[in-house]
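The values are calculated or read from the model by the stated rules, or taken from the named source; none is laboratory data. Note that the structure is predicted; figures quoted are calculated from it, not measured. No Cβ is skipped: glycine too gets one built from the backbone with ideal geometry, and neighbour counts run over all protein chains shown. The accessibility values were calculated without ligands, DNA or RNA, using every heavy atom of the protein model including side chains. Shrake-Rupley method; radii C 1.70, N 1.55, O 1.52, S 1.80 Å.
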Amino acid sequence: MFEVLELNAGYEFRNRFVHAVRNVSFKVEQDDFFGIAGESGCGKTTLMLASLGLLKKPGKVISGRVLVEGLNLLALSNDELKKVRWKKVSLVTQSSMNSLNPVMKVKDQMADVLIRNHGFSKSDAYELVKEKLKLVGITPDRMESYPHQLSGGMRQRVVIAMALLLSPRVIFMDEPTTALDVVVQRSILQQIEELKKKEHFSIVFITHDISLLFELATKIAIMYAGEFVEVGEATLVYSRPLHPYTKGLIEALPSISKDLEKYKSIPGRPPDLTLKIEGCPFRERCSFAFERCRVEKPELRFVNGRWVACHLY
Amino acid sequence: MKVLKYVVNRLFFFAITLFFALTLNFVIPRFMPGDPAERILMRFGPNIDEQAIEAMRIALGLDKEKGLLRQYFEYLKNTFSGNFGISYLHYPVPVKQVLASSLPWTLGLVGTSTVISFILGTLLGVYAGWHRDRRAGSGILIFSLCLRSIAYFWLAMLFLYVFGYRLGWFPLSNAYSTKETLHGFRFVLSVIYHAVLPSMTLIVASLGNWILTMRNNMISVLAEDYITLAEAKGLGEGYIMLHYAARNAILPSITAFGISLGFVVSGALLTEIVYSYPGVGYQLYRAVLSQDFPLIQAIFFFVSLSVLLANLIMDFLYAFLDPRVRG
């Protein structure tokens with residue numbers, strides 16, 4: 001349904017290239033909740049922008065394909081893109097504070113895509129806007145509001161309603177709840193799950209909050225230095241992680257039941273993405289590293305029900 | 001209701017600020033050394049009769065029997081009834097008449113140039129910001145940086161020399177033809193013809209700033225999430241550029257535009273001098289040189305009035321453009 005194939009992307013500067021997405025492939029099926037987790041700067045957002053054909057200069061996609069129901073999104077003309085975007089795949093962005101245009105009424109910034117790109121009449125468009133807002137629990141009288149008149153949680157609900165407008169099959173969500181407090185965060189995540197059941201769309205959920213993903217996602221991908229290092233069923237990856245990085249991330253999660261005496265973390269820093277990485281990108285921070293990790297780059301292989309890129313297996 | 005409250009609030013602040021400006025305008029000249037009455041009469045010869053000075057003082061409303069407070073209220077009354085006294089420099093022509101012969105020229109020339117420059121610069125800035133990675137965008141950036149570093153009085157002289165003197169395409173001085181008496185449409189044409197070089201100078205002098213301001217605003221707006229969302233929605237480039245980016249980026253420029261519109265009244269001193277244009281700037285310059293306090297005071301009054309008025313109008317315009325200001 002939505003497939004990314006061998007995508008390579010990054011940022012091009014005069015004399016160096018930041019290779020932020022390295023040979024990433026993944027497939028999102030019907031009703032998937034696909035989580036992508038990784039620390040800041042690992043290439044999550046670049047992967048999302050590149051997959052949607054939204055990466056702007058100095059960003060650049062070097063190679064790869066993005067298939068949406070058989071169409072390669074990266075090879076479409078502008079006119080073809082206009083029809084595919086938002087109808088097949090839509091987006092909920094990172095911060096609820098800046099996701100809405102401050103000088104447009106809620107109804108107008110939701111309806112413009114319907115009227116301009118998908119042939120809706122004004123009244124039909126507003127009717128649909130009203131319907132979708134109701135779906136996320138926002139009363140129709142808020143249609144006339146400007147974004148600054150809404151709370152952070154309401155704004156994020158509006159953005160979600162906007163993503164639902166044309167009932168797309170796939171919705172990308174880039175840290176949709178990071179800017180909200182935990183109570184609002186919880187209620188919005190619950191709402192997303194309910195909507196997903198009701199409206200039958202798949203989610204690609206990008207976050208640094210790995211605990212959130214283990215709770216919500218059906219499939220999970222762990223991203224490190226621009227690559228996927230472990231991909232599989234969320235429950236399986238959580239209960240029996242294989243990659244040392246995944247293990248480290250899970251051990252670093254604070255536990256509610258145990259005492260908070262030991263606060264584990266992964267020592268070291270991720271490698272510089274402008275350089276060509278020899279061997280395994282994680283080897284310098286890995287306690288299991290051996291000679292082979294230095295010379296040979298591990299490829300993703302299917303081990304114990306999930307894909308993992310590590311020489312240990 | 002909210003809108004009404006906003007309007008009343010703005011009007012109130014306008015009135016208060018104007019009152020303070022008027023008071024300062026009254027106080028400052030009175031701190032200056034010297035006696036204006038003596039200064040006027042000095043021009044008629046070295047031996048001045050004490051009685052003549054006293055008579056002049058009374059004529060100027062500065063007689064000692066009157067307290068400062070009474071002078072102040074009289075000043076307020078006179079200002080609001082449009083009586084600005086008599087110009088020392090053009091004695092005995094009233095200040096009102098001096099201004100009436102120079103203000104329209106300045107308003108026409110500097111006002112039009114400011115508006116043209118703002119519109120042109122803002123459009124170029126929008127384009128340069130949107131295409132900042134393309135050659136056209138960098139081209140406009142370099143162009144505006146060059147414009148900004150030109151000394152514009154030098155440019156004025158260069159224009160005058162090349163287009164006025166050497167090529168003879170445009171007149172060398174004045175605001176309209178003085179060789180013949182023209183009427184109606186032909187007079188207007190002559191005024192425009194005389195205004196071309198000075199307004200070109202003024203536009204070139206300020207264009208760079210408008211471009212740079214707008215370009216920078218655009219670039220910071222383009223980093224916002226709502227721009228990414230608009231692109232993900234598949235909206236057209238032109239629509240996003242205008243309705244999502246420029247619509248938000250123009251707000252700080254509007255404030256700057258209001259301020260420069262307010263200063264239109266003070267004229268464009270150097271340009272008016274180079275082109276011998278009979279505007280307020282030139283008049284103010286001469287008034288300062290000859291210590292013509294009533295004229296200076298009147299010009300300052302109009303400058304503060306127009307700056308405040310322009311700000312008031314911009315406040316209303318801003319409220320119209322930015323829903324956040326309306327509350």
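The table below lists the values:
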{"item": "Residue count, region B:183-204 (criterion: within 15 Å of B:P104 (Cα to Cα), of a type in the set (V, I, T) and open to solvent by less than 50 Å² (accessible area, probe 1.4 Å))", "result": "1"}
{"item": "Count of region A:186-215 residues which are open to solvent by 20 Å² or more (accessible area, probe 1.4 Å) and under 24 Å from A:L165 (Cα atoms)", "result": "11"}
{"item": "Region A:83-104 - residue that is open to solvent by 30 Å² or more (accessible area, probe 1.4 Å), in a loop (DSSP other than H, G, I, E, B) and at the interface with chain B (Cβ under 7 Å from one of its Cβ atoms) and, of those, nearest to A:R116 (Cα to Cα)", "result": "A:N98"}
{"item": "Unmet requirement for A:L180, which otherwise passes all of (1) closer than 16 Å to A:Q94 by Cα; (2) in contact with a strand residue (DSSP E or B) (Cβ under 6 Å, 6 or more places away or on another chain); (3) outside any helix (DSSP H, G or I)", "result": "(2)"}
{"item": "Those residues of region A:56-75 which are open to solvent by 30 Å² or more (accessible area, probe 1.4 Å) and within 14 Å of chain B (Cβ to nearest Cβ), in sequence order", "result": "A:K56, A:K57, A:P58, A:K60, A:L71"}
{"item": "Subset of region A:165-185 [under 17 Å from A:L150 (Cβ atoms) and crowded, with 20+ Cβ neighbours inside 10 Å]", "result": "A:P176, A:T177, A:L180"}
{"item": "Restricting region B:176-221 to residues that are under 24 Å from the mean Cα position of the chain (by Cα) and hydroxyl-bearing (S, T, Y), the residue that is nearest to B:G137 (Cα to Cα)", "result": "B:T213"}
{"item": "Flag for B:L11 being touching a Ser or Thr at 6+ places or on another chain (Cβ under 9 Å) and at pLDDT 70 or above", "result": "no"}
{"item": "Hits in region B:278-327 - residues which are more than 14 Å from chain A (Cβ to nearest Cβ), in a loop (DSSP other than H, G, I, E, B) and open to solvent by less than 30 Å² (accessible area, probe 1.4 Å)", "result": "B:G279, B:D292"}
{"item": "Single unsatisfied condition, A:S167 versus (1) more than 18 Å from the chain's Cα centre (by Cα); (2) small (G, A, S); (3) farther than 24 Å from A:F2 by Cβ", "result": "(3)"}
{"item": "Candidate set from region A:31-42 (those that are at pLDDT below 90 and in contact with a Lys or Arg (Cβ under 9 Å, 6 or more places away or on another chain)); member that is surrounded by the fewest Cβ atoms within 10 Å (Cβ to Cβ)", "result": "A:D31"}
{"item": "Evaluation of B:K233 against (1) crowded, with 19+ Cβ neighbours inside 10 Å; (2) away from chain A (no Cβ under 14 Å); (3) free of Cβ contacts under 8 Å to residues at least 24 places away in the same chain; (4) among the basic types (K, R) (one fails), failing number", "result": "(2)"}
{"item": "Among residues of region A:162-177, those that are modelled with pLDDT of 90 or more, within 14 Å of chain B (Cβ to nearest Cβ), in contact with a helix residue (DSSP H, G or I) (Cβ under 8 Å, 6 or more places away or on another chain) and not in a strand (DSSP E or B), counted", "result": "4"}
{"item": "Identity of the residue in region B:215-230, facing another protein chain (nearest Cβ under 7 Å) and of a type outside the set (F, W, Y), that ends up least open to solvent (accessible area, probe 1.4 Å)", "result": "B:L229"}
{"item": "Selection from region B:105-125 of residues that are open to solvent by less than 40 Å² (accessible area, probe 1.4 Å) and out of contact with any helix residue (DSSP H, G or I) (no Cβ under 6 Å at 6 or more places or on another chain)", "result": "B:G108"}
{"item": "Wholly enclosed helices (runs of 4 or more DSSP H) of region B:45-139 bearing at least 3 residues under 17 Å from B:I299 (Cα atoms)", "result": "B:68-80, B:95-106"}
{"item": "Whichever residue in region B:19-44 is of a type in the set (A, V, I, L, M) and either modelled with pLDDT of 75 or more or closer than 19 Å to B:V303 by Cα (or both) and, among such residues, is surrounded by the most Cβ atoms within 10 Å (Cβ to Cβ)", "result": "B:L22"}
{"item": "Residue within region B:136-158 that is of a type in the set (K, R), touching a helix residue (DSSP H, G or I) at 6+ places or on another chain (Cβ under 6 Å) and open to solvent by 50 Å² or more (accessible area, probe 1.4 Å) present", "result": "yes"}
{"item": "Which listed residue is of a type in the set (A, V, I, L, M) and under 24 Å from B:T79 (Cβ atoms), from B:L261, B:L251", "result": "B:L261"}
{"item": "Among (1) in contact with a helix residue (DSSP H, G or I) (Cβ under 7 Å, 6 or more places away or on another chain); (2) part of a loop (DSSP other than H, G, I, E, B); (3) within 11 Å of chain B (Cβ to nearest Cβ); (4) not hydroxyl-bearing (S, T, Y) - the single one A:G137 does not satisfy", "result": "(3)"}
